[in-house]
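Below is one structure, written out as C-alpha cells, with a few remarks after it.
The values are calculated or read from the model by the stated rules, or taken from the named source; none is laboratory data. Just so it is clear, the model here is predicted, and its values are computed rather than measured. Please note: Cβ atoms are built from the backbone with ideal geometry, for glycine as well, and neighbour counts cover all protein chains shown.
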Amino acid sequence: DSGVTQTPKHLITATGQRVTLRCSPRSGDLSVYWYQQSLDQGLQFLIQYYNGEERAKGNILERFSAQQFPDLHSELNLSSLELGDSALYFCASSAAGRVVGNTIYFGEGSWLTVV
Amino acid sequence: KNEVEQSPQNLTAQEGEFITINCSYSVGISALHWLQQHPGGGIVSLFMLSSGKKKHGRLIATINIQEKHSSLHITASHPRDSAVYICAVSYSGGGADGLTFGKGTHLIIQP
C-alpha cells in the first residue's frame, strides 16, 4: 500500500459528460502529480500541485483542470469527455516540490471508460 | 524534447534466468526512476538513480550519466517478477517537474 488513495477505481461515462477524480496523497506529502496512461500514448505527465499551488504543467488538455485543496487532497476534473479520454489516470505524491531526490508514490489509478 | 527509449519492448524468459532491461535518454537528466506495473495496474517505484548503482534484493539498477543509459537487472528471476517495467526520467535544471516515461518492457517469466 503506497498510502496514496484514488477514487473512484472505475468509472464509465458517456461522451460529453464531466467527471471528477479524487486523490489523497500520502500523509505529509505536499506534492500531487496527475498522470494519464492510455494504450497508444503510454504514461504522460498531466499536472503537478505543490502545497495548494500549481507547480508544473505537462500534456494536459484545456478540457481538463485540477486543483489541490488546503487539506492537500487533489481533484482532476475532466469535461466534454471524448472516447479518446478513456485511460487509466494515476495520482502520485512526493514529499517535496521536485521529483528529483524524492521517492514518488503512486495510487492504484482510476480507470475511466468513455462510451 | 527528452526521448526515453526502452528495450526490449517484450521479454519472455524462464524462471531463474538473469534479466536485463535497458533504458536510454536523449538529454541531460536529474534522476532516473525504474517503476514496476503489475497486471492490476498499480505502479510501484523500484529505484531512483542519479549516479552509480543501487541494489534491492534481486533487483539491481545502474546508470551511466555520460552514456545516457540505465539498466535494470533481475537475478534469479521468478514468475512473480512478471510485470511491465517502466523507465522514467526527470529533467535537469531548476523548477518542479513531472516525469517523462518510456513505453515500458513487458516481462513474462515462465515457470
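Can you pull out the residues in region B:91-111 that are modelled with pLDDT of 85 or more, assigned to a strand (DSSP E or B) and either away from chain A (no Cβ under 13 Å) or within 15 Å of residue B:32 (Cβ to Cβ) (or both)?
B:100, B:101, B:105, B:107, B:108, B:109, B:110
Got a number for residues in region B:1-13 being outside any loop (DSSP other than H, G, I, E, B) and in contact with a Ser or Thr (Cβ under 8 Å, 6 or more places away or on another chain)?
Adding up the residues that qualify gives 7.
Determine the pairs where a residue that is over 24 Å from residue B:100 (Cβ atoms), located within region B:2-27, has a partner that is part of a loop (DSSP other than H, G, I, E, B) and not polar (S, T, N, Q) with Cβ atoms under 9 Å apart, the partner being 6 or more residues away or on another chain.
B:14/B:111; B:15/B:76; B:15/B:78; B:15/B:111; B:16/B:76; B:16/B:78; B:17/B:76; B:18/B:76
From the residues in region A:6-26 that are under 17 Å from residue A:67 (Cβ atoms) and β-branched (Val, Ile, Thr), which one is farthest from the other protein chains (Cβ to nearest Cβ)?
Step by step, filter region A:6-26, then rank; the result is A:20.
Among residues belonging to region B:5-31 that are among the hydrophobic types (A, V, I, L, M, F, W, C) and closer than 10 Å to residue B:68 by Cβ, point out the one that is surrounded by the fewest Cβ atoms within 10 Å (Cβ to Cβ).
B:27
In region B:65-83, what count of residues is obtained for those that are modelled with pLDDT of 95 or more and within 14 Å of the chain's Cα centre (by Cα)?
Counting residues in region B:65-83 that are modelled with pLDDT of 95 or more and within 14 Å of the chain's Cα centre (by Cα) gives 9.
Do any strands (runs of 3 or more DSSP E) lying entirely in region B:20-73 carry at least 1 residues that are touching a Ser or Thr at 6+ places or on another chain (Cβ under 7 Å) and over 23 Å from residue A:2 (Cβ atoms), and which ones are they?
So the answer is B:29-37, B:52-56, B:59-64.
Evaluate region B:39-46: report whether one residue or more is more than 11 Å from the chain's Cα centre (by Cα) and polar (S, T, N, Q).
Within region B:39-46, none of the residues are more than 11 Å from the chain's Cα centre (by Cα) and polar (S, T, N, Q).
Could you list, in sequence order, all residues of region A:41-85 that are in a loop (DSSP other than H, G, I, E, B), within 14 Å of chain B (Cβ to nearest Cβ) and more than 24 Å from residue B:33 (Cα to Cα)?
Within region A:41-85, A:52 is the sole residue that qualifies.
With respect to residue A:29, determine if the residue is within 14 Å of chain B (Cβ to nearest Cβ), in a loop (DSSP other than H, G, I, E, B) and touching a residue at least 24 places away in the same chain (Cβ under 8 Å).
yes
When only residues in region B:38-80 that are of a type in the set (Ser, Thr, Tyr) and farther than 15 Å from residue B:105 by Cβ count, which is nearest to the other protein chains (Cβ to nearest Cβ)?
B:45
Do we find a residue being of a type in the set (Gly, Ala, Ser), under 21 Å from residue A:113 (Cα atoms), out of contact with any strand residue (DSSP E or B) (no Cβ under 6 Å at 6 or more places or on another chain) and surrounded by fewer than 16 Cβ atoms within 10 Å (Cβ to Cβ) anywhere in region A:63-80?
yes
Any idea which of (1) within 14 Å of chain B (Cβ to nearest Cβ); (2) among the hydrophobic types (A, V, I, L, M, F, W, C); (3) surrounded by 15 or more Cβ atoms within 10 Å (Cβ to Cβ) is the one residue A:114 doesn't satisfy?
Tallying (1) within 14 Å of chain B (Cβ to nearest Cβ); (2) among the hydrophobic types (A, V, I, L, M, F, W, C); (3) surrounded by 15 or more Cβ atoms within 10 Å (Cβ to Cβ), residue A:114 fails exactly one: (1).
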